[in-house]
1. For residues that are under 16 Å from Asn45 (Cα atoms) and assigned to a loop (DSSP other than H, G, I, E, B), scanning just region 63-87, find the one that is modelled with the lowest pLDDT.
2. So which residues in region 14-45 are more than 30 Å from the chain's Cα centre (by Cα) and exposed (fewer than 10 other Cβ atoms within 10 Å of the Cβ), if there are any at all?
3. From the list Thr90, Thr60, exactly one residue is exposed (fewer than 10 other Cβ atoms within 10 Å of the Cβ), hydroxyl-bearing (Ser, Thr, Tyr) and modelled with pLDDT under 95. Which is it?
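The values are calculated or read from the model by the stated rules, or taken from the named source; none is laboratory data. Just so it is clear, the structure is predicted and the values come from calculations on it, not from any experiment. Here the Cβ is made from the backbone with ideal geometry for all residues, glycine too, and neighbour counts use every protein chain on show.
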Amino acid sequence: MLRHLLFQAIRRIVADPRVQQKAAATYDKEVKPRIQEAGKFAKDNIDFARGELKDIATETNPLDNPGGFLRKAQKRLFKGDEGHKTDKTTD
């Protein structure tokens, strides 16, 4: 019974146009910019990883030497490679 009352209250709140306007405004001002920034960050990381993997593939053929390719990829993408020139700046 309490559960039923709780769901009825939630339905009334959600149906209120003021609540809907506030939710839309919050989405536009706070949620959407964060999602866009996260998408840009992810795209930048994917582009970086794609470039690194292409470079590694030119150094070590993944079909001929898959173990060496994976070791180089792991070292460069996850641990960093001092021998490879990358941007070391921090925010």
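1. Step by step, filter region 63-87, then rank; the result is Asp87.
2. Residues satisfying the conditions are Ala15, Pro17, Arg18.
3. One residue alone meets the criteria, Thr90.
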